[in-house]
Structure formats: structure tokens, C-alpha cells
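The values are calculated or read from the model by the stated rules, or taken from the named source; none is laboratory data. This is a predicted model, so every value here is computed, not measured. A quick note on method: Cβ atoms are made from the backbone with ideal geometry, for glycine too, and the neighbour counts reach across all protein chains shown. Note: areas computed on protein heavy atoms with side chains; ligands, DNA, RNA excluded. Shrake-Rupley method; radii C 1.70, N 1.55, O 1.52, S 1.80 Å.
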Amino acid sequence: MTESATGGRHRNTAFMVRESAANYRRAIQSNLMQVSIRGRNNKRVVLPDDREVVEFVNCSYLGLDLHPSVIAASKGVDPQWGANFCCARSRFSIEPQRQLEEELSELYGGRVVTFPSTSAAHISIMPLLASGILFDEVSPPKVTFIFDQFAHSSMQFLKPVLATEATVTTVPHNSLDALRIEVEQAKRRGEVPVYVADGIYSMGGLCPVAELMALAVELDFYLYIDDAHGLTIFGDRGEGLVLSQVAGTPERLILTFSLSKGFGAYGGGLLVANERMERLVRSYGQIYSFSAAQTFQAVNACRAVVRLHHDDVLPELRRDLRARVALFDELMGDPRPFSPIRMVQIGNEEEAISAGERLLDEGYFVSVVFFPIVRRNVAQLRLCIAANHSVEDIVGIVDALGAVGARPVAAEGLH
């Protein structure tokens, strides 16, 4: 499906709000959404009505947000720097931030630019890709973005912006055949194809990294992959799902990632293969040029996590995480490729919210996912499994899911 630079409708916000408002109101009233928790003890949190429940929503998959060295580092604000230095990074950056970026560049290969969030990274680099200047500053080519149907909403949100300069298309989820067709059509138009996808999809499932990279080499196109959910939990050096399956940092790969999920600190970033692309992002990237950097506390926490990558803490935590996921899959009777995100199917929106309410009564908080996040009448429950969930937590949630009639979602998800 091609949505041209001048035509095509990329958003229908009023319709989405109108059709989902009643379900959002009920979910909020039931303490299933927009909840301000009053306390936290590892995986147990206190709701506004004083109920204590085990949560399966925190994306800190290795529990590094609770690691003593990360917490201690986040408290260490040097008086010479103050609490914050509020200045656009096109004017000043701060030395601790520069050091963090160099440490991450060394850890992952390529060149890293950090941001307050992964979404900020997308906003800074995707329009530059759309302009063509990242490929050729003198004679920028026309670009075609080929979005996977289930690419994260933080990237999908930018379609109207990208479509002002580039062609924007969408293909069915993980369909290499459809991707091949769109790439070949783009190249016949003389445009540079860029495939946009997730490493681990937020509603479950993985991208076929090895097959994608082979296809990109064969057909000569670029991959723009958000590995927000894969960083730190995959790879010998925590390089994530994507980099753990490729050699070095290929020129045709642009990677974005989160420093808040498996990494366990706060922020986001991008990885490019060369200093030329890095320079363009630092000079013309929207958030980079006009907004401040991460806070000192976040930078210090991130650097503490980098240090943890160089000792023996992370391999054990990764083993624990895989063991918890494997136990969940075994008890659900649904083995599948490893991912910390598991989806279970319910039915329509009302049934899903009712299931979430019943799980709360049983002492478990999971994300209730319904339209417009997923298609109508395929509402689901989303569980983020972490290394610091206990065996009892896993057994308990599986029993509770069985009681509400939940069943596993097909591995490719039902968006």
C-alpha cells in the first residue's frame, strides 16, 4: 500500500477517540490505565485503592533499574554541574554525556547519539532520512519509507511529516515478499528504499533479522530498526537482538534503542555506521538541535549500566530472564522464540477490560490492550516478564490467566 508524498491519509485521530472513549473511561476508572502507584517493592506495587499487586508492565527486563550501583550513580550530581544544564545541544553538550556516548559507541560499534527518549531519536533522524541528505548531501535522492504494518507507533506517528518529502508505504507484518516488491518498485522510480521495523515488536514477535539483512544486501536498500525492547537482553555484550545477528555495524543499518527498558536507566539513542551521518544528526536533528540532553542523573545511571556490561552481572540476569519466560511458555503450553513480551488473547474490548479487572482482584496487574492499539475485537493482555519476577509470580499469573479464559496470541500477534 503506497501513501504518496502529497496524498494518502496517515491519521484519523478524531475517529479513534470517538470509537474508544468509553473503553478508555472504564479502564481508567478500574485502575487499569493512567494509574499513579503509591509504592513499589520490587515487582509489587500499591494501587491508589491500597491494593498491592504483582505488576507485569515494567519494561526493565533485567531489573537493572533497581541495581544498587545504578541507583547510587543516579544520586551523584556534581555541584559544579548543578541539577540540570538547560541548553540546546547544538550550543553546548556536557562532558559526562560525551563520555557516555563514547562508551556506548565502543560497546556497540558505530557512532552513538543519545537522547532523552527513543521517540526523540526518531524525531531527530527520520526527517533527515526523508530529505535524502543522509545518503547524499550534494544531490539528495528521493526516499521511499516502507513501514512494517506493526512498526512502533512512535515511528508511525511521523508518517505525515515524512510524507512531505518522501514516499511512504506500508507492507504486511514481516512479509519479505511484499517488502521485495516495494523495494523493487522504489528502485524503478529512482528512490532509495528504507524499511522501517522493530527488533522486538511491542505487541509480541520478532523481526527476521538475518533474512532482512540478506535481502538488504541483495537488493541494496536500508534498514531502520527500533531495537528498544532488545537492547541489553540479547547478545554477548548486550548489543541487542539486531546487532547480535550481524557483523559490525553495516552501512545499510540505522538502529534506534532505549536506555530505559532492558538497559534499566533512562533515555534513548541511535546508532549509525559512520561519523558523516552522526555529524548531520548533531547539526540538523530536530530534538538534538533545539532541546536539552538527558539529565545528569540519567547520564550517571546509564554510565553505571555500561560498567555493569563489563562484569559478570548481566549474563546471570539474562539467564534468569530466559528461565522465567520459558516457565511461562511451558505453563501456558505455548513454546515460542524468546522475547520478554508475551501476549494473551481475550476477545472484544469489554471482555478484555473485565479480564483485567478480575486479574487485579487476583493480585496481578497486566496491560489491557484494545482498539485503537490493536484491531477491533482482538483485544489482548500484554505481559512484560522480567528477571526479577519470582517463580511464584509466574505460576500465579498463569493460573489467574487460565481463570479468566485467556489464551496465547499467535506468534506474529494480532495488531
* Structure fact -> Most fluctuating of Ala355, Ala214, Ala121 in the GNM of the chain (C-alpha, under 10 Å) is Ala214
* Relative contact order (percent, whole number), region 1-129, Cα cutoff 8 Å, 6+ residue spacing -> 7 percent
* Met277 accessible area, 1.4 Å probe, all protein chains in place, Å² to nearest 10 -> 10 Å²
* Structure fact -> One finds, for Ser30 and Phe338 with R0 = 35 angstrom and r their Cβ-Cβ distance, a FRET efficiency to the nearest 0.05 of 0.65
* To do: Evaluate the Kirkwood expression for the hydrodynamic radius of region 136-220, namely the inverse of the mean inverse distance over all pairs of different C-alpha atoms, and round to one decimal in Å.
  => 13.4 Å
* Structure fact -> Each label sits 7 Å from Cα toward the beta-carbon; between Arg51 and Phe85 the label points are separated, in nm, by 4.7 nm
* Binning at 5 Å from 0, report for region 121-264 what percent of all alpha-carbon pair distances ends up in each bin. => 2, 10, 21, 24, 21, 14, 6, 2, 0
* Could you run the Karplus curve 6.51 cos²θ - 1.76 cosθ + 1.60 with θ = phi - 60° over region 192-201 and give me ³J(HN,Hα) per residue in whole Hz, x for Gly and Pro? => 8, x, 10, 8, 10, 8, 9, x, 10, 6
* Based on a Kirkwood Rh over C-alpha pairs, give the Stokes-Einstein translational diffusion coefficient of region 11-170 at 37 °C and viscosity 0.692 mPa s in µm²/s. => 160 µm²/s
* Ratio of the Cα radius of gyration of region 193-253 to 2.2 N^0.38 Å, where N counts its residues -> 1.06
* the chain: Rg to Rh, with Rh as the Kirkwood radius over Cα pairs -> 0.96
* Roughly speaking, what is the stretch gain from Val77 to Arg375, that is 0.36 nm per residue apart minus the C-alpha to C-alpha distance, in nm to one decimal? -> 102.7 nm
* **Where labels lie 7 Å past Cα in the beta-carbon direction, separation of Phe92 and Asp399 in nm** => 5.7 nm
* Where does each of Leu253, Leu206 land when they are ordered by accessible area, with a 1.4 Å probe and the largest first? -> Leu206, Leu253
* Using only the Cα atoms of region 200-338, what do you get for the radius of gyration and for Dmax, in Å? -> 16.8, 51
* Asked: Assuming R0 = 45 Å, what is the FRET efficiency of Lys142 and Glu102, from their Cβ-Cβ distance, to the nearest 0.05?
  -> 0.80
* Asked: Say each of Ala214 and Gln149 gets a label point 7 Å from the Cα, pointing the same way as Cα to Cβ; how far apart are those two points in nm?
  -> 2.3 nm
* Starting from the Cα gyration tensor of region 44-126, take the square roots of the eigenvalues, sort them a ≥ b ≥ c, and report rounded, prolate or oblate (rounded when a/c is under 1.5, otherwise prolate if a/b is larger than b/c, else oblate). => prolate
* To do: May I ask you to rank Lys75, Lys142, Lys261 by accessible area, largest first, using a 1.4 Å probe over the protein chains only?
  => Lys75, Lys142, Lys261
* Asked: So what's the back-of-envelope 222 nm ellipticity for the chain, counting only DSSP H runs of four-plus at -39500 (n - 2.57) apiece and dividing by all residues, rounded to 500?
  -> -12000 deg cm²/dmol
* **Relative contact order (%) - criterion: Cα under 8 Å, at least six apart; region: region 49-203** => 17 percent
* To do: Take every Cα pair under 8 Å in the chain that's 6+ residues apart, average their separations, divide by the length, and report that relative contact order as a whole percent.
  => 23 percent
* To do: List, largest first, the extents of the alpha carbons of region 300-415 along their principal axes, each in whole Å.
  => 47, 29, 27
